[in-house]
There are 4 protein chains.
Amino acid sequence: MPGPAPSRRNERSRRAILTVALDLLTETGYSDLTVEAIAARAGVGKQTIYRWWRGKGAVILDALVDAAGDIALPDTGDLGADLRAVVRGTVAEFADPRLSATTRALTIETLADDELADQVRDRLLRPQLDAVRLRLRAGQRAGQVRGDVDLDQVIELLFGPVYHRWLLRTGPLTDAYADGVVELAMAAIAP
Amino acid sequence: MPGPAPSRRNERSRRAILTVALDLLTETGYSDLTVEAIAARAGVGKQTIYRWWRGKGAVILDALVDAAGDIALPDTGDLGADLRAVVRGTVAEFADPRLSATTRALTIETLADDELADQVRDRLLRPQLDAVRLRLRAGQRAGQVRGDVDLDQVIELLFGPVYHRWLLRTGPLTDAYADGVVELAMAAIAP
Amino acid sequence: MPGPAPSRRNERSRRAILTVALDLLTETGYSDLTVEAIAARAGVGKQTIYRWWRGKGAVILDALVDAAGDIALPDTGDLGADLRAVVRGTVAEFADPRLSATTRALTIETLADDELADQVRDRLLRPQLDAVRLRLRAGQRAGQVRGDVDLDQVIELLFGPVYHRWLLRTGPLTDAYADGVVELAMAAIAP
Amino acid sequence: MPGPAPSRRNERSRRAILTVALDLLTETGYSDLTVEAIAARAGVGKQTIYRWWRGKGAVILDALVDAAGDIALPDTGDLGADLRAVVRGTVAEFADPRLSATTRALTIETLADDELADQVRDRLLRPQLDAVRLRLRAGQRAGQVRGDVDLDQVIELLFGPVYHRWLLRTGPLTDAYADGVVELAMAAIAP
DNA sequence: ATCTAATCGAGACGGTACGTCGGGTCTTCGG
DNA sequence: CCGAAGACCCGACGTACCGTCTCGATTAGAT
């Protein structure tokens, strides 16, 4: 039983490109992230990038998907505590200039490319959000969440404010802020 | 007591530039919005744009600030109804491809230019959010909102989910959705 | 008695490459004659071309050498008539857009590659010119050509003008023109 | 009475481009003559080249036209001597590797671009050939040239062999060779 | 009612990056 | 074990815009 079509793709080049893309982003920011710069630093021809990706946006996405480990939320039984942990994580990510640069770049690309936007949602974010929904469903079964609330809406209730604050720079992104968001959300979904 | 420095600025050109910027955005999208295109269509030299704006981002911002009328939330006494109205408005704006194109473009520019981001927040969004906060404060005084909640957080609770869904394309942007968001938020802040 | 080193070269591929090269030249001209195009159309890997030729110039040369039959000038006894025949032939070749395309391509390659230039001279042109020299020598023996003229110079006197006119596009390439050239040349070498 | 439309073209850039083009040709040869290299060395944007020229071929042509001084053949009364002088000049030009590199490059471009070919003929060569024709006509009037010969054909008789030998590398390009060519041609046109 | 200097439309300029093409080399895999 | 297939690195192509910089030609304020 043969595996998938044996691609002749050069794995060394693929890794180099993804690594360099993230390096450039954290080092010099989005404005210096050009396909030419990636190719040059990775010791790769531009065509090798265009052969496998639609543009730098797709490269960043792949880099992040590659980097993102499996994310499973803990279930300590204390729903509030578990949510605080995950929201704190997201807030920290947005607060870190290094990590934030990546998100910023990907968001820009996403806003200008619908197809990329769909892939970012499906391949990068869906797994993370699904993990949260799983934890929420457990909480719902445990009676800590009203039975009639739409869990997807709860997810947006938890992360929407964080995105809002990050995008609009309307306030600090701290643990305390994360806790406040969770507290309000918990109030909204408590039975 | 003299007024501000009497500018020799050509008002006709200024109007043309702002109008053309929005036209191009809704007609052909962000990728075709270049300073050269604006100048050409507006019958204006490029220098006239760079003389008065830092770049196309600043032009869009000015165009939107110009277009945005005074926004004062109604106070019907029914806080939920009033919030539904405003959130429905925002959702409708994001759902409309034409209007959304403008927001999309400005968001891209914002993500790549910190100074512009600050101006967008202060000149474009703050007034809108302030109007909401005003209405919330009235509700708080009327005992419809718990006294200990941070109103800025409530605002994020209302609009964050909308931004989240718009940015990540995780679901439809409809009136029903707006109502759902408000309902959850109201549950979170009810005394 | 064994023949030459038994090459493992694929004759079918060799023929296909040479044929395709000439086809492409007459169909789409020099600018579309790329090694990649030849390989693709011939159903051959690029390496197979580079393995056996230095580049597309060498391919064209081989194709022409392959195509060029043995050329022996007739000797009707009338030197003028015989020369008219051969010069008319050359002029016709240059006048034909199809055949001319090949010459044009080979000339370009020749001008940029000294080694190729030598091979073109020795393998493609020398035999043709030698045939003319042979005829001239016969004429010289018959007393139709002055004994002191350098026959190589006469050859240039016959074909130089044709090349000149072809290269510089300074006039039509017709039989009448060919005859005129021969007439002048005959006047130059008549005893 | 106004002059021609006042072009805003930058003369300094124009000169730099033409100079650099010839420099590169004589220094490193045709294969290193790229539009990018010219632009870089001339301290000029590529667009400035493409704005005013169709490609590097047109640049070389302009450079040569610029460099070519007015060429008027001397008329010493001795037609043979005068022709020897001019043919020797052409032969020397072809023999000089430096100057020949320029001709080689322009010829390549010419063979691949019909429009350029016409311009080379009209702007660069015609003046030179016309000068020769003028001298020939004077000789004709003086009875040194048969009245029935086509002077354009005589010109080809003089220069054709030189081009032939240069292009095909069939022999040395020396003064003696030039003299031989003229001698033969003189024999062909003598009354 | 001039003067005069900022502003205007226009667009050339030096640059950077784009996305594509082809060159010549190297690797994989099927016949 | 050759050859088709084609990925690879590289360099140049010609184009699109960037933001700056002249150019006259208005043009509006101060004189």
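The values are calculated or read from the model by the stated rules, or taken from the named source; none is laboratory data. Because the structure is a prediction, the values reported are computed rather than measured. Quick reminder, even Gly has a Cβ in these numbers, built from the backbone with ideal geometry, and neighbours come from all protein chains shown. All accessible areas refer to the heavy atoms of the entire protein, side chains included, with ligands and DNA or RNA removed. Shrake-Rupley method; radii C 1.70, N 1.55, O 1.52, S 1.80 Å.
Which whole-number percent is the relative contact order of chain A (Cα, under 8 Å, 6+ apart)?
In percent, rounded to a whole number, it is 23.
To the nearest 0.05, what FRET efficiency results for B:Arg146 and A:Ala190 with a Förster distance of 22 Å applied to their C-beta separation?
0.95
Give, in whole angstrom and from largest to smallest, the semi-axes √(5λ) of the equivalent ellipsoid of segment A:25-77, with λ running over the eigenvalues of the Cα gyration tensor.
30, 13, 9
What is the helix-to-structure angle for C:56-67, meaning the angle in degrees between its Cα long axis and the longest Cα principal axis of chain C, kept from 0 to 90 and rounded to the nearest 10?
Helix C:56-67 sits roughly 60 degrees off the main axis of chain C.
Roughly how crowded by other chains is peptide B:102-111, in terms of the mean Cβ count from those chains within 10 Å of each of its Cβ atoms?
Mean shielding by partner chains, rounded to a whole number: 3.
Using 0.36 nm per residue, how much length does the chain from C:Arg126 to C:Asp175 gain when fully extended, once their Cα-Cα distance is taken away?
Gain in length upon complete extension: 15.3 nm.
On a 1.4 Å probe surface of the protein chains, which of A:Tyr50, C:Tyr30 comes out largest in accessible area, and what is the full order?
Most to least solvent-accessible, the answer reads A:Tyr50, C:Tyr30.
Quick one: ranking B:Arg12, D:Arg169 by accessible area, 1.4 Å probe, largest first, what do you get?
B:Arg12, D:Arg169
What accessible area per residue, rounded to a whole number of Å², is obtained for the protein assembly as shown using a probe radius of 1.4 Å?
Per-residue value: 49 Å².
Could you work out how far the C-alpha centroid of segment B:171-191 sits from that of segment B:29-92, in angstrom?
26 Å
If you count, for every residue in D:122-131, the Cβ atoms of partner chains within 10 Å of its Cβ, what is the mean?
The per-residue average across the peptide is 1.
Of B:Ser13, C:Ser31, which has the most accessible area and how do the rest follow, probe 1.4 Å?
Descending order: C:Ser31, B:Ser13.
Could you work out the mean count of beta carbons from other protein chains within 10 Å of each residue's beta carbon in D:165-174?
5
Treat every Asp and Glu Cβ in the protein assembly as shown as -1 and every Lys and Arg Cβ as +1, leave all other atoms uncharged, and give the resulting dipole magnitude about the Cα centre to the nearest 20 debye.
Dipole about the Cα centre, nearest 20: 240 debye.
Using a 1.4 angstrom probe and counting only protein chains, how large is the accessible area of B:Asp148 in Å², to 10?
120 Å²
Any idea what angle helix A:79-95 forms with the longest principal axis of chain A, computed on alpha-carbon atoms, 0 to 90 degrees, nearest 10?
40 degrees
Here are some pairs, A:Lys46/C:Lys56; B:Lys56/D:Lys56; A:Lys46/D:Lys56; A:Lys46/B:Lys46; which of them have Cα atoms lying more than 29 Å apart in this structure?
B:Lys56/D:Lys56; A:Lys46/B:Lys46
Could you look at segment C:43-143 and say what percent of its accessible area is carbon and sulfur, using a 1.4 Å probe and all protein chains?
Of the solvent-accessible surface of segment C:43-143, carbon and sulfur hold 48 percent.
Taking the Cα atoms only, what angle lies between the long axis of helix A:151-168 and the longest principal axis of chain A, rounded to 10 degrees?
60 degrees
If I ignore ligands, DNA and RNA and count only protein heavy atoms, how much of A:His164 is accessible to a 1.4 Å probe, in Å² to the nearest 10?
Looks like 0 Å² after rounding.
Give me the summed buried accessible area for the D-C pair, 1.4 Å probe, to the nearest 100 Å².
Heavy-atom accessible area buried at this interface is about 3400 Å².
Given R₀ = 45 Å, FRET efficiency for D:Arg15-C:Arg51 by Cβ-Cβ distance, to 0.05?
About 0.45, to the nearest 0.05.
Could you give me D for the protein assembly as shown, from Stokes-Einstein at 37 °C and 0.692 mPa s, where the hydrodynamic radius is the Kirkwood radius over C-alpha pairs? Units µm² s⁻¹, please.
For these conditions, the coefficient is 97 µm²/s.
Identify which of D:Asp150, D:Asp175, D:Asp82 has the largest mean-square fluctuation in a Gaussian network model of chain D, with springs joining Cα atoms closer than 10 Å.
Of the options given, D:Asp150 has the highest mean-square fluctuation.
Can you give me the Kirkwood hydrodynamic radius for chain A, using every pair of distinct Cα atoms, in Å to one decimal?
18.4 Å
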